[in-house]
1. Assess whether residue 30 counts as being surrounded by fewer than 18 Cβ atoms within 10 Å (Cβ to Cβ) and under 30 Å from residue 94 (Cβ atoms).
2. Being part of a loop (DSSP other than H, G, I, E, B) and near the ligand (Cβ under 10 Å from one of its atoms) is the filter here, so list the residues in the stretch 67-108 that pass it.
3. Conditions first: (1) surrounded by 13 or more Cβ atoms within 10 Å (Cβ to Cβ); (2) touching a residue at least 12 places away in the same chain (Cβ under 8 Å). Residue 36 passes all but one, so which condition is the exception?
Ligand SMILES: [Zn+2]
């Protein structure tokens, strides 16, 4: 798992992890009935409830990420020249994880300077 990822991708990763966790708990809970018979029903109940909460939470995160991505700014990454979406003023490129910023005060290099650097290298 990458921690240095774009914010939207990070939300999706957490959403996916929660979905997997929820499904895992539901499967484990159901497996409890198979292995322990009636005694496993309590475990199954707990597993299903926690699993359901995790699934609902992951759906909320997915929904939130979807809402956020509609308001995200689409920019062309100066490093890999792919179109990526940014959340807030500073975010990482979804593809090459370069830190991008819309705030000129925080930028240590502008897109024009980077282009010039790449031209000089070639
Ligand atoms: Zn990039």
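1. For residue 30, the condition - surrounded by fewer than 18 Cβ atoms within 10 Å (Cβ to Cβ) and under 30 Å from residue 94 (Cβ atoms) - is not met.
2. 77, 78, 79, 80, 81, 82, 93, 94, 95, 96, 97, 98 - these are the residues of the stretch 67-108 that are part of a loop (DSSP other than H, G, I, E, B) and near the ligand (Cβ under 10 Å from one of its atoms).
3. Only one criterion in (1) surrounded by 13 or more Cβ atoms within 10 Å (Cβ to Cβ); (2) touching a residue at least 12 places away in the same chain (Cβ under 8 Å) is unmet by residue 36, namely (2).
Values quoted throughout were computed directly from the atomic coordinates according to the rules given, and no laboratory measurement underlies them. The model shown is predicted, which means the values in this text are computed figures rather than measured ones. In this analysis, Cβ positions are derived from the backbone assuming ideal geometry, glycine residues included, and neighbour counts consider all displayed protein chains.
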